[in-house]
1. Quick one: would you say Asp35 is modelled with pLDDT under 95, acidic (Asp, Glu) and buried (at least 16 other Cβ atoms within 10 Å of the Cβ)?
2. Based on this model, can you work out whether His138 counts as within 17 Å of Ile8 (Cα to Cα), over 14 Å from the mean Cα position of the chain (by Cα) and not basic (Lys, Arg)?
3. Kindly evaluate Phe66 against the criterion of being surrounded by 15 or more Cβ atoms within 10 Å (Cβ to Cβ), of a type in the set (Phe, Trp, Tyr) and under 23 Å from Ala11 (Cα atoms).
4. Lys20 passes all but one of (1) under 18 Å from Thr88 (Cα atoms); (2) of a type in the set (D, E, K, R); (3) crowded, with 16+ Cβ neighbours inside 10 Å; which number fails?
5. Of the residues Glu145, Glu129, Glu73, Glu136, only one is under 27 Å from Gly18 (Cα atoms), assigned by TED's automatic domain parsing to the domain that holds Phe24 and without any contact (Cβ under 8 Å) to a residue 40 or more places away in the chain; which?
6. Which ranges mark the strands (runs of 3 or more DSSP E) fully within the stretch 1-62 that have 1 or more residues being over 19 Å from Phe108 (Cβ atoms) and either in contact (Cβ under 8 Å) with a residue 24 or more places away in the chain or within 17 Å of the chain's Cα centre (by Cα) (or both)?
7. Considering (1) modelled with pLDDT of 90 or more; (2) under 28 Å from Ser120 (Cβ atoms), say which one Arg139 fails and leave the rest.
Amino acid sequence: MILSDRHIRSAQNAEQGGVKIEPFIDKLVQPASYDLRVGNQAASSAGKKVIDVEKAGFVEIKPGDFVIVITAEFLALDAQHVGRFGLTSSYARKGLIATVGTQIDPGFNGRLTVGLTNFSNKSIVLPHEDTFLTAEFHRLARPVEAVYSGPYQNRDKLSSEDIKLVMEREYMSQTEMMRTLEALVLSVKGLERTINWHLPMMGIIMAVGIATIIFLAKFL
């Protein structure tokens, strides 16, 4: 069952439990989700630095840049709830792609660390505490046997491992990004020509999927 706005609000009650959001801001509650905001820390592969977002006021993501951003909200899920999140449509339409897993496991406690890549040809600005993710929460039929206990448990800020990953990431310039996208288009067209058009449409879908995987593996 996906939690509705009423369930999300009632879950903040200590007696109800299930999904806790801190700080909880009622206007961020959507009909069946909750909007998450840009937190105080980020790191950029283009700038090779950690950004104090609260002090700077924003994060600038250049074309081809990969950044990690921590959410302003601290989430706590019990053993019977799981979450899923994604970019808000406003940022997705601008060309941002989230390059991390979308699941929030049962038992998770902490701020989300989200990787973002700018696939557009213009810089994209994330203002501090602007809503950039939307999270929905599901109540499971029964509690899980083993809750999340991974490296991001109780994470309140970017870790040294997160920062190192970004610092070592090779920045892809706008020119390189456009060339790679053009090569992807040509690869897809080449694969399509090799497909027997009497085969089911699934063959084309598989070809496009393979080309996409090759593209992502090259620079993500």
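1. Details: modelled with pLDDT under 95: no; acidic (Asp, Glu): yes; buried (at least 16 other Cβ atoms within 10 Å of the Cβ): yes.
Judged against the criteria, Asp35 is not a match.
2. Yes, satisfied.
3. no
4. The one condition Lys20 does not meet is (1).
5. The match here is Glu145.
6. Qualifying strands (runs of 3 or more DSSP E): 33-44, 49-52, 58-61.
7. (2)
Here's the yes/no breakdown for (1) charged (D, E, K, R); (2) in contact with a Gly (Cβ under 6 Å, 6 or more places away or on another chain); (3) at pLDDT 95 or above:
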| site | (1), (2), (3) |
| --- | --- |
| Val69 | no, no, yes |
| Ala92 | no, no, no |
| Ala98 | no, no, no |
| Phe119 | no, yes, no |
| His128 | no, yes, yes |
| Lys164 | yes, no, no |
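The values are calculated or read from the model by the stated rules, or taken from the named source; none is laboratory data. Keep in mind that what you see is a predicted model, and the values were worked out from it rather than measured. When we count neighbours, we look across all protein chains shown, and the Cβ atoms used for this are built from the backbone with ideal geometry, even at glycine.
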